[in-house]
Structure formats: structure tokens, C-alpha cells
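The structure under discussion appears below in the form of C-alpha cells.
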Number of protein chains: 2
Amino acid sequence: MKNSTVKAVLQDPKLLQEIQISGWVRTFRSNRFIALNDGSTLKNLQCVVDFEALDPDLLKRINTGAALRVMGTLVESQGRGQNVELQVKELEVLGDAHPDQYPIQPKKHSMEFLREQAHLRIRTNTFGAVMRVKSALSFAVHQYFTSNGFYNFHAPIITGSDAEGAGEMFRVSTLDPKDPPLTEDGGVDFSKDFFGKETNLTVSGQLEAEAYAMGMGKVYTFGPTFRAENSNTSRHLAEFWMIEPEMAFYDLDANMDLAEDFIQYVVRYVLENCMEDLEFLEKRLADEEKTKPQAERSEMALIEKLRFVTDQPFKRVTYTEAIEILRNSKPNKKKRFTYPIDAWGADLQSEHERYLVEKHFKCPVILFNYPATIKAFYMRLNEDGKTVRAMDILFPGIGEIVGGSQREERLDVLVEKMRQLGVDEKELWWYLDLRKFGTAVHSGFGLGFERLVQFTTGMGNIRDVIPFPRTPQNAEF
Amino acid sequence: MKNSTVKAVLQDPKLLQEIQISGWVRTFRSNRFIALNDGSTLKNLQCVVDFEALDPDLLKRINTGAALRVMGTLVESQGRGQNVELQVKELEVLGDAHPDQYPIQPKKHSMEFLREQAHLRIRTNTFGAVMRVKSALSFAVHQYFTSNGFYNFHAPIITGSDAEGAGEMFRVSTLDPKDPPLTEDGGVDFSKDFFGKETNLTVSGQLEAEAYAMGMGKVYTFGPTFRAENSNTSRHLAEFWMIEPEMAFYDLDANMDLAEDFIQYVVRYVLENCMEDLEFLEKRLADEEKTKPQAERSEMALIEKLRFVTDQPFKRVTYTEAIEILRNSKPNKKKRFTYPIDAWGADLQSEHERYLVEKHFKCPVILFNYPATIKAFYMRLNEDGKTVRAMDILFPGIGEIVGGSQREERLDVLVEKMRQLGVDEKELWWYLDLRKFGTAVHSGFGLGFERLVQFTTGMGNIRDVIPFPRTPQNAEF
């Protein structure tokens, strides 16, 4: 008999039919009621066994975590909490889970403990819900771009360039780590390395995406990127996935339109497709918030926060206007910001971004036209000579979720900027070629996928929205 | 006025309407006909300029590769080769492409030359077609798995494990490459490295996928994997993308059913969605084949080869049967195989795989139940004690395209096998946990995405189906 899934059975229950289900025991109570989960959905299937008819040795093996195959008849449930249940006729224990040894018992586990059991934590309700929502978000990303005329492309992971300067990089090498070959002047001879030069893990696929946009028009990458930064925070990973669209002939306004439409689409997609998991996660978050001091609690429940993003246009504000607002704000005057705002040119911190979104505008905010001095070399210089066509999208709770810009398409301006900042022209010869041959206005943005998952699931620590997190001192599994 | 795309205009031409298009000049002939391409589709839009009304200085700048914005009226075309054309009223050169400097002139370029111009080759018909088909394949992968109840998950790229043994690995490190810290006994002290241990780039996400399948039921990865092997062939990359589904409660038969259905789905998807690009690529391939000796030419045209896969069931044959067929085959008897087949236990080479598919069965073939000695430690041992539940799918032209297996779910058998092969049990403690707690029959397979793209597009060299290939001595861009 073919296996059904719990999701299929609960979505369209065929009463009085014989079905077979395989899954794992979540709980077993009164020697009678098995809550069986197979990962297809948050809900369990209640399986009712007749313990008097069951071999006592078999009965003892029905423990939390054990894998079972059950066969029986689907009937209306007499009990509360479910509409249907399975009257078990046949039961096989596929794999035991000894109650003294299996770590994931039906009780509250700390997130820290579960991180140490990252291979097993996916068997909990919380991680099942997070990862199903994450998978739905991932599909929504591909669907959005595909249906809007974008082409997916794979930016290289190993790169010979370290020019982008987005952060510290990991070196990739096959040289003997202890006795590397040396050059005549005593440095490591990377010409003997696998790629014939020093190589690193990419920090961003943007520059390569620009090359592809200048041929295919609209492209996007969705792949892993890396930062070798010693940041042990709840918002940083050494390895994370980025979504980076890049569009020829898009100016900053078109870029902002796209980013807003894109984010609203993917968040709406999970609201439409993952409500059961979201309701569970909302409740989990509410329980967690109760343990925090009042001041640190979120003003919005999870689903309310998602609708806050999907149901209203984002407010667009120049950096200059934002600085005025922040300078005159109550927390600034009362010196409640950790980083007081006193002059134009200051880099905004999360506290400022959240003030603008949560207190001042009470809607998602797009800040644009930032000072050139605090942004990257490739951003389009405005006619004022001091601001660049950069934009950041700010969300409640987390601050910046998207960073993007119109790119500098003018060869002379770009070269001048690279010289000022010491970016190597020789290494980026091909990037300059894009301005030498058929250059045009173009734009793009980047969105850290795990940040989006954090926002959407309400998980406080980014290590809990990726299966096997990589952080300083940690590359287990 | 909003930009249209060439694809939108040609799909649904609104005659006599004013439209604006931005794109790049492919050719300009008779000072009158611009073939404009914007990457959205293979086809160009013919833009007709009135050269007598145009500023001669502007006219001179309409060169191959230049970026233009044109505005005008869409009319029925009088010429051959297109139904509609744009009568240009306004023309702006956004970016020049000097004919003496721009490398991608409208003539035949060698693939080797284009690889050196990987940032510009996407502006050619061939690479545009390949990358559009590749993008469609990528979307089809996500759509297939999502609509079949699979969850996407991200396997880690940086791994502390080197246990899988699928190939040589790249080391990832932030230690000083010249003077790394040493331990007391003189080895490199990796406890001082970023992750507190030696780390490498992953060769496969399978083991982690197994952990996730044992919680979520059906999962798949689609991400980059790496091999530090010095293989300079047309089929090997140091960095490539793999698709790896993993399913709890699937035995080898269910695994084969899935793999066959999956491949047929994605190939059918491009037949239904990319016919224009496929027809172009078929013609390209036919032209290329003409330059080869008769014996090396493919017997099938590109689209015929795709239908060969979608239109018939795959033949399932045991390894043992295949060896019998090969041993008694004409090329074996006439010693025409480079590696003659004389005994059970031999590893099959591409020549044998292609013989089975192209000459003997004349359909895609799934070989299964391989000798345990030539397969990996995690494959399910059969009751005969000498074969494992492995399967490979063989395709015309390329040989193996999929490799998979039912996984060994029995703790004692797995541990015994790891000891025999010297696989470190301590390092894979978490993998063994999956057999200690709630173990069950499960299966999965891996498909190298670029190999699939090669098959689907007919490109002879794998370096031409990835934007910026990484191979020994080459990590440019």
C-alpha cells in the first residue's frame, strides 16, 4: 500500500478508507493515542491503538521519536482537538528511540540546547514551522522573479577578487597549510595554488550580476555568501544566503518600486500559504515575549507585523530628511539614543532606523540618497556631488532589510572613485569593461535571506532560521 | 514613458502604438536597420531609422554593442524575417561601443575566446539562449519539488567534516597563510582558525539532507558543491551546483520512480517554455557537429534527444544484467572498448554507459544494485551481502546524469561498514544519531545541474553552461 502524508490526509480526509502512514511519534498517551508527525505539516495525525490487542513488547517501543508505519481506517474523531483519527489495524516500529537516550523529549528545550542538536531539532514543532515557512519564501522568490521576466543566474562562490570590500573574506586553498610554497621574496606563492592565484569565498554576487544584467536585461542571484567577521550576535552568520536582483535600464526609482513590490509579494505569499505555521510561530513568539521586560517587547504580534508590510505603501524619505527628523526627535533630544544624531553625514544605526519605522512614520520606510562617504564605490553619484543613489529598506523590529543602489554607469566617474578609495582597477578590468562597452543606467539590491526569514517567523536569533549555522568557533555537522 | 521589453513587444505587438525600448545594438545595416536586443528573448527588434533626418554624429555611434534607448511607432514590417518593426522617432545612445575595441563583433568567435570574455559573452545569441534555458530549468526544479510536497533546505557550504569521501576538498581558513599558528607537536593549530577547527568546502549536502528528511519527510537541496580535483575535461568544474532530494520512507524503487518523473518533468518544461532558444541551440549544435568526423557525431538532433528522454519510460536493469550484456557485446568482443569488461565487479565507464543507452536499449537506462565495493559507505546493503541499493541514470551522449541510493538505515550495518572503510565515527556522531533515534528506510539522489544544462542545451563543454567557470588555474572574474 502506498504511503499517504499527514498533510494530504488532513486536507482531504477520506473517511472509512484504509490508509498507510509513516512518521515519528510525537507523544503517546493512555497507551492508546499516538500523535504521529511526518514533517509534511505542523499537525499530527491521531492514531488510536487497541492496546489490549497489541503485543506488549511492541507497545513498549512506541516512544517519542520512534519511527512507525501504521495502517488502518480513517474515522471521525470522538475526542477534541481533531476532526479525524486513524483506527490502527497494523503497526510496525521502523526505528526505536530509547526514552533515556533520545534528546528531543516532549518538554520545553532551550534554543541553545537545540542548536547543539541541530540534526534533530528539525523534529520539533518550532523548527518544522520555521523551515516550512522558509521553503515557501524561497519558492516565492523564484516565482516572483520568473513571472516578472527575470533570469536566475549563478554567481561564482570562489572568487579571485577581493575588491568589493563588503567585509572580511575566507581564503580558499589547497596549498599545504603548514609549509606553503614561497616566492623568492618570501611571500606565499599563490601561483602554485589550485587556481593559480589567491582566492576567497564571495561576499556578494553583485558585480557579476551587473555583467549579466548588461546582457540579459533583468537577472537575479540566490546563493550563499560569506563574511569572516568575528560577530557573535543574533543577526550575523559567517555563511548566509543572499538574493541579489540586477536590472539594466532601471534607475533608483524603478529599483525602489521593484524592491517594495518584491518584498510585499513574498510576505503575502507566506500569509496565503503558511497560515497554520505562522499562527503557531505567533503564539511561540508571544510566549517568549512574556519572559522579556515590557520595554523590549514588540508592539505588534507576528501576523500583524507581516500585514504592516503587505498592506501599506512604504514611505520614501531622503537621508537628509531623515537626519532632520532624527535630530529633532524626542529620544535624540533626551539623549536616549546610544549614538546621538547631530550632523549630516552620520551613519544610521538600528536604533535610528527602528525609530523612523516604528515611532515616526509607522510604516516601512525606504531611505535614499545617502552621503557618498558612507556608501560603496559603485553607487551612482548624484548631481550634487555629495550624495549617491543608494537606498535602504527599513522594517519594524529589525531595521535594514534591503540595501541597494543605482550603479555608477559613467566610466570616468567610476574610475575616479575607485582611485580615491584605493580599489584595484586592474583586478576589476572586466567590471570597467561594462562601462566601456554599451554602458547604461542600471540598478539592483541585496536582501539577506535569513534576515527575511527571521522577520517572517519572528525568530529572535538568526542561528535558528538556518539548518546548520556557521559562526565564529562553530562549524559542527 | 515606461520601457517595454523586446519579448513583450514581439509576443503581443500593439501596432501603431508608441513604445520605448532600451537595448544593445546587435547589427546595424544600410544605415537604416538596427537589430536591437535586450536579453529578454533570442529575437531582436528591428528598429528602422531615417538616416537623413538623423544627426550624422549620432549615426556614427550606432555600433554593435552600443546601448540605445529608442522611441517610436510599432508597424507591420515590409521586410522579411520579422512581422513588426519599430519606426524610430527618437534615439539616444546611452553607452558607446567602439568598433575597434569592443570584442564581441558580429562574427564567429571561438568558445575559447569567449571564455576569456566571460563578462561579455552573455551578449551573444548562444550564451543568451543557454542561460535562459538554464534559468527555466532551475525554476522547473523548484516548481517540481514544491508541487510534490518537498521542502527546500540549505545544506551548509563550509563543513567541518571530510567524511563523505566524494572527492578532494578545498580548505577554508582565515589563518595567516605564511606563518600559521602551530601546535606543540608542530602541526597547524586549526583550533585558532575562524571556526576553531579545520574546515572545507562541501562536496555534497546529502548527509545533512538525510537529517532534514528524517524530520520534514521530503526535502531537497539546490546549491553549490566543490571538488578540488585537477580534472581539465569538458565535463568537470571545481565549483558546480547540485540538486539533492532526500526522502524518508522511500525505498530504491520509489527513488527510481521519483528520479525518472523529475527529469522528465524538467526537460518537458523547457520543451514547453524555451522552444525558440532550443531551436537556435539545435542549429548551433548541428553546425558544430558538421566540423567533426562522422564517428563522433551525435545520431540525434538536440530536440529529438530531449524527446528521447521525455517520451519513453526509462529501462531498469540490474548491474549484473548490464555486465552480461556488455560482456557479450560486439565492441567488447572486438576489443573496441578502452576498458574491456571481463568480470562482475568492474566499474562502468562512460563508453559502457553510452553503449547500453544508445546501442543496446535505445532509451534512458537506470542501472541498480551495484557491487558494494565500488559504491559509498552509506548505501543500503542488499540481503545478498555483496550488492548495494544504488542506482545511476544513464543518458545518451553524456552517460551518468543521476547517482542515488537507498541509504543504510541499520545502525550496526552502517557502523561495521564505516569501520571497514575507515570513515571516522566520531566525526559523524550526528549522522549515526539518525540511525539511533527513529531510523527508517530512506533514499535520495544527486544530479549535477550543469550536466543537465549541458544535456539540454547541447553544449559540448561544461565551462560554457556556467557564467564564470572555476577550473584548475582559473578563477577569473
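Read-outs throughout are calculated quantities, based only on the coordinates presented, and are distinct from any laboratory measurement. Source: prediction; values computed, not measured. All Cβ positions, even for glycine, are placed from backbone atoms using ideal geometry, and neighbour counts span all protein chains on display.
Normalised by the number of residues in the stretch A:331-418, the mean separation of alpha-carbon contacts (under 8 Å, six or more apart) gives a relative contact order of 24 percent. Distances from A:PRO313 to itself in the other copies, using label points 7 Å out along the Cα-Cβ axis, amount to 5.9 nm in increasing order.
Here the Karplus curve 6.51 cos²θ - 1.76 cosθ + 1.60, taken at θ = phi - 60°, turns the phi angles of the stretch A:14-21 into couplings of 9, 4, 6, 8, 7, 9, 10, 9 Hz, with x standing for Gly and Pro. The angle between the Cα long axis of helix B:252-273 and the main principal axis of chain B comes to about 0°, on a 0 to 90 degree scale. Between copies, the label points at A:GLU416 (set 7 angstrom from Cα along Cα-to-Cβ) are spaced 7.6 nm, reported in nanometres from shortest to longest. Restricted to Cα atoms, chain A shows a radius of gyration and a Dmax of 26.7, 85 angstrom.
In angstrom, the C-alpha Rg and Dmax of the stretch A:427-477 are 18.5, 47.
Neighbours of B:ILE366 by Cβ distance under 9 Å: Lys/Arg scored +1, Asp/Glu scored -1, total 0.
Reducing the stretch B:397-460 and the stretch B:276-304 to their Cα centroids gives an inter-centroid distance of 35 Å. Residues whose amide H lies under 5 Å from that of A:LEU94, counting only those 5 or more places away or on a different chain, are A:ALA67, A:LEU68, A:ARG69; hydrogens are built 1.01 Å from N in the peptide plane.
Distance from the axis that maps chain A onto chain B is least for the Cβ of the chain A residue given, with the whole Å value, as A:HIS142, 2.
The mean sequence separation of alpha-carbon pairs under 8 Å and at least six residues apart, normalised by the residue count of chain A, gives a relative contact order of 13 percent.
For a quick check: with amide H placed at 1.01 Å from N, whose amide H comes under 5 Å from B:MET169's, ignoring anything fewer than 5 positions away on the same chain? Placed amide hydrogens put B:ALA228 under 5 Å from B:MET169. In nanometers and ordered shortest first, the copy-to-copy spacing of the B:PRO56 label point, defined 7 Å from Cα toward Cβ, is 10.9.
Chymotrypsin sites (Phe, Trp or Tyr not before Pro), restricted to the stretch B:1-95: which are DSSP loop and have at most 15 other Cβ atoms within 10 Å?
Answer by residue number: B:PHE51.
Among the trypsin sites (Lys or Arg not before Pro) in the stretch B:369-471, those located in a DSSP loop and surrounded by at most 16 other Cβ atoms within 10 Å of their own Cβ are B:LYS386, B:ARG410, B:LYS426.
Percent of Cα-Cα pairs per 10 Å bin, from 0 to the last occupied bin, for the stretch A:3-106, please list those. Distribution as computed: 16, 53, 28, 3 percent. Kirkwood hydrodynamic radius computed over the protein assembly as shown comes to 30.3 Å, based on all pairs of distinct alpha carbons. Legend: mean number of C-beta atoms from other chains within 10 angstrom of residue C-beta atoms, peptide B:426-436, equals 3. Spacing of the modelled spin labels on A:LYS197 and B:GLN105, each 7 Å from Cα toward Cβ, amounts to 2.7 nm.
Between 0 and 90 degrees, the angle of helix A:206-216 with respect to the longest Cα principal axis of chain A falls at about 90 degrees. Within 10 Å of the Cβ of each residue in A:187-200, the mean number of Cβ atoms contributed by other protein chains is 4.
Quick check for you: which residues of the stretch A:1-18 have the amide N under 17 Å from the point 7 Å beyond the Cα of B:ASP261 toward its beta carbon? Under 17 Å, as judged by backbone N against the label point of B:ASP261, lie A:1-9 of the stretch A:1-18.
Descending by average beta-carbon neighbour count within 10 Å, the peptides A:230-237, B:111-118, A:395-402 line up as A:395-402, B:111-118, A:230-237, the highest first.
Within the stretch A:384-477, all pairs of alpha-carbon atoms sorted by distance into 10 Å bins from zero give the percentages 13, 29, 24, 25, 9, 0.
Ranking request for peptides A:254-260, B:240-246: highest mean number of other beta-carbon atoms within 10 Å first, then the rest in descending order.
Numbers: A:254-260: 20.7, B:240-246: 24.4.
So the peptides A:254-260, B:240-246, ranked by packing, come out B:240-246, A:254-260.
The Cα atoms of the stretch B:73-223 cover 80, 47, 29 Å along the three principal axes, with the biggest extent listed first.
Restriction of the GluC sites (Glu not before Pro) in the stretch A:143-196 to DSSP coil positions whose beta-carbon has at most 11 other beta-carbons within 10 angstrom yields A:GLU184. Helical content alone sets the calculated 222 nm signal of the protein assembly as shown at -9000 deg cm²/dmol, taking -39,500 (n - 2.57) per DSSP H segment of four or more residues and averaging over every residue.
Ellipsoid fit via the Cα gyration tensor, the stretch A:253-393: semi-axes of 30, 22, 11 Å, each the root of five times an eigenvalue, largest first.
For the peptide B:174-186, the mean number of other protein chain Cβ atoms found within 10 angstrom of a residue's Cβ is 3. Taking the longest Cα principal axis of chain B as reference, the axis of helix B:125-147 is set at about 50 degrees.
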